[in-house]
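I have a structure I would like to understand better, so I am pasting it below and will then ask my questions one at a time.
The values are calculated or read from the model by the stated rules, or taken from the named source; none is laboratory data. Every value quoted in this text rests on a predicted model; they were computed, and no experiment measured them. Cβ coordinates were reconstructed from backbone atoms using ideal geometry, including for glycine residues, and neighbour counts include every protein chain displayed.
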Amino acid sequence: MSSLDWWDEDFCLRLADQGRFVIRYDHRDLGRSTTYEPGTSNYTITDLAYDAAGVLDAYHIDQAHIVGMSMGGLTGQILALRYPARVLTLTLIASSVFGTEMEKLQPMDQNILNYHTKSASIDWSDRDAAIPYLAGGWKTLAGSKPFEQERMYKLAAREADRANHLPSRFNHALLQGGEEYYDRMNEIRVPVLIIHGTEDPALPYEHGLALKKAIPHSEMVTLDGTGHEIHSEDWNQISMSKMIV
């Protein structure tokens, strides 16, 4: 449920400064992308993976280093299975195994779900209501590192100002599909880097460990005290990780 705006520009510039051409984009129902009526399901997670390949096509890029966070990590796994020749490396941040094994792992913290029940009462046309809600959502995902309130409000304001239709973001909660790719992580042949925080309340640390086990040739970077977030204190460690650079 996060647009490209949450890939912080300063973080992306760090990657670009290392000689990379960085592309961040909006999934369907987010930012400037296609939106659908809230509460509807018009595409699958497989479609989102195919969208990523379409972005590469639009830029005439044959191969790329793919970085996905959370659900983006799941779509990245599909992309690596469906288009292995196009994926140079795969970096999975705060993500999980794609398939039946995920159901056996520790679930999302109930406080996150409780917070988002408030969304029905938000007047999304009211910028002064939408921005605190968007920023506050990230507080529920934080670990024990200091919550970056000023930064989160800045990113939330950018998203609120860009988005075609903010309520459509919740269609991602209805996302299904991809069964043909379930439990096939051991078939991924490209180099894989797993980055996971020890205090992730959305996809707890054991999800990262499960990924490491499911992809035997993968490498793992542990972020102590980090939640379901890309905290600015971790930018240097993440950007210098050998698979992402």
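Every residue, every condition in (1) in a helix (DSSP H, G or I); (2) touching a strand residue (DSSP E or B) at 6+ places or on another chain (Cβ under 8 Å); (3) surrounded by 14 or more Cβ atoms within 10 Å (Cβ to Cβ), yes or no:
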site	(1), (2), (3)
L48	yes, no, yes
D51	yes, no, yes
D57	yes, no, no
H65	no, yes, yes
L79	yes, yes, yes
V97	no, no, yes
M102	yes, no, yes
N114	yes, no, no
S119	yes, no, yes
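For the range 183-194, which positions are touching a helix residue (DSSP H, G or I) at 6+ places or on another chain (Cβ under 9 Å), touching a residue at least 60 places away in the same chain (Cβ under 8 Å) and under 18 Å from V87 (Cα atoms)?
R184, M185, E187, I188, R189, V190, V192, I194
From the residues in the range 81-95 that are surrounded by 17 or more Cβ atoms within 10 Å (Cβ to Cβ) and among the aliphatic types (A, V, I, L, M), which one is nearest to Y205 (Cα to Cα)?
Looking at the filtered set, the residue picked out is A94.
Answer yes or no: is there a residue in the range 171-190 that is part of a loop (DSSP other than H, G, I, E, B), under 16 Å from M71 (Cβ atoms), over 18 Å from the mean Cα position of the chain (by Cα) and not acidic (D, E). Explain how you work it out, then say what you get.
Here is the first cut: in the range 171-190, the ones part of a loop (DSSP other than H, G, I, E, B) are 175-178, 182-184, 188-190.
Filter once more, so that each one left must be under 16 Å from M71 (Cβ atoms): 175-178, 182.
Right, trim to over 18 Å from the mean Cα position of the chain (by Cα) and you get 182.
Right, trim to not acidic (D, E) and you get 182.
Looking through the range 171-190, at least one residue is part of a loop (DSSP other than H, G, I, E, B), under 16 Å from M71 (Cβ atoms), over 18 Å from the mean Cα position of the chain (by Cα) and not acidic (D, E).
Let me ask something else. Going residue by residue through the range 77-86, is there one that turns out to be over 21 Å from G177 (Cα atoms) and modelled with pLDDT of 95 or more? Before you say what the answer is, go through the steps one by one.
First, pick out the residues of the range 77-86 that are over 21 Å from G177 (Cα atoms): 85-86.
Then keep just the ones that are modelled with pLDDT of 95 or more; that gives 85-86.
For the range 77-86, residues over 21 Å from G177 (Cα atoms) and modelled with pLDDT of 95 or more: present.
Next up: Looking at the structure I just gave you, is E233 surrounded by fewer than 18 Cβ atoms within 10 Å (Cβ to Cβ), more than 19 Å from the chain's Cα centre (by Cα) and touching a residue at least 60 places away in the same chain (Cβ under 8 Å)? Don't jump to the end; show me each part of the working.
Values: surrounded by fewer than 18 Cβ atoms within 10 Å (Cβ to Cβ): yes; more than 19 Å from the chain's Cα centre (by Cα): no; touching a residue at least 60 places away in the same chain (Cβ under 8 Å): yes.
It is false that E233 is surrounded by fewer than 18 Cβ atoms within 10 Å (Cβ to Cβ), more than 19 Å from the chain's Cα centre (by Cα) and touching a residue at least 60 places away in the same chain (Cβ under 8 Å).
Still on this structure, please answer the following. Counting only residues that are aliphatic (A, V, I, L, M), buried (at least 16 other Cβ atoms within 10 Å of the Cβ) and either modelled with pLDDT under 95 or outside any loop (DSSP other than H, G, I, E, B) (or both), how many does the range 1-46 have?
Adding up the residues that qualify gives 4.
Quickly run through the range 100-115 and pick out the residues that are touching a residue at least 24 places away in the same chain (Cβ under 8 Å) and not charged (D, E, K, R).
Residues satisfying the conditions are T100, M102, L105, Q106, M108, N111, I112, Y115.
Which pairs do you get when a residue that is at negative phi, found in the range 137-157, comes within reach of a residue that is among the β-branched types (V, I, T) and not in a loop (DSSP other than H, G, I, E, B), reach meaning Cβ atoms under 6 angstrom, with the pair 6+ apart or on two chains?
T140/I112; A156/I131; A157/I131
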